[in-house]
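Enquirer: Before anything else, here's the structure in question.
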Amino acid sequence: VLEPYAFLPQHLDNGTECSVNVILSNRPAPISFMGTEYYYKACLLNTQLRHGVTNGPEERLLFKISIKNKTFQEVKNILSKKGMICTK
């Protein structure tokens, strides 16, 4: 949970290579990677790239599965082979 108007500065996740994130709130703030903002409902996130969130007026509720023993690319390949990755 990220409280309204909370600020999560640009950072790398310690001990987590990547994560599967699912947004549960209705109008969540975007995630920012080095100044570029992304909106998503569910994503595989490379937590070894600098990222952060500047939250708006609503609570940001996130379900997160942290993956500690496989890289972003390894998990992406696994999910892609299972037909679980779609891109724009």
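Enquirer: Find the residue count for region 11-29, including only residues that are over 22 Å from Val75 (Cβ atoms) and touching a Gly at 6+ places or on another chain (Cβ under 7 Å).
Expert: Of the residues in region 11-29, 1 are over 22 Å from Val75 (Cβ atoms) and touching a Gly at 6+ places or on another chain (Cβ under 7 Å).
Enquirer: Restricting attention to region 2-26, report how many residues are open to solvent by less than 60 Å² (accessible area, probe 1.4 Å) and either without any contact (Cβ under 8 Å) to a residue 24 or more places away in the chain or not hydrophobic (A, V, I, L, M, F, W, C) (or both). Walk me through how you get there before you give the answer.
Expert: First, pick out the residues of region 2-26 that are open to solvent by less than 60 Å² (accessible area, probe 1.4 Å): 2, 4, 6, 11, 13, 15-16, 18-23, 25.
When the remaining residues are screened for being either without any contact (Cβ under 8 Å) to a residue 24 or more places away in the chain or not hydrophobic (A, V, I, L, M, F, W, C) (or both), the result is 4, 11, 13, 15-16, 19, 21, 25.
The total comes to 8.
Enquirer: Could you check how many residues of region 27-72 are under 12 Å from the mean Cα position of the chain (by Cα), without any contact (Cβ under 8 Å) to a residue 24 or more places away in the chain, closer than 21 Å to Ala6 by Cβ and open to solvent by less than 90 Å² (accessible area, probe 1.4 Å)?
Expert: Number satisfying all stated conditions: 6.
Enquirer: Looking only at region 56-84, count every residue that is closer than 11 Å to Val20 by Cβ and not in a helix (DSSP H, G or I) and tell me the total.
Expert: Here the count works out to 7.
The values are calculated or read from the model by the stated rules, or taken from the named source; none is laboratory data. Everything numeric here is computed off the predicted structure, so don't read it as measured data. Here the Cβ is made from the backbone with ideal geometry for all residues, glycine too, and neighbour counts use every protein chain on show. The area values use the complete protein model at the heavy-atom level, side chains included, leaving out ligands, DNA and RNA. Shrake-Rupley method; radii C 1.70, N 1.55, O 1.52, S 1.80 Å.
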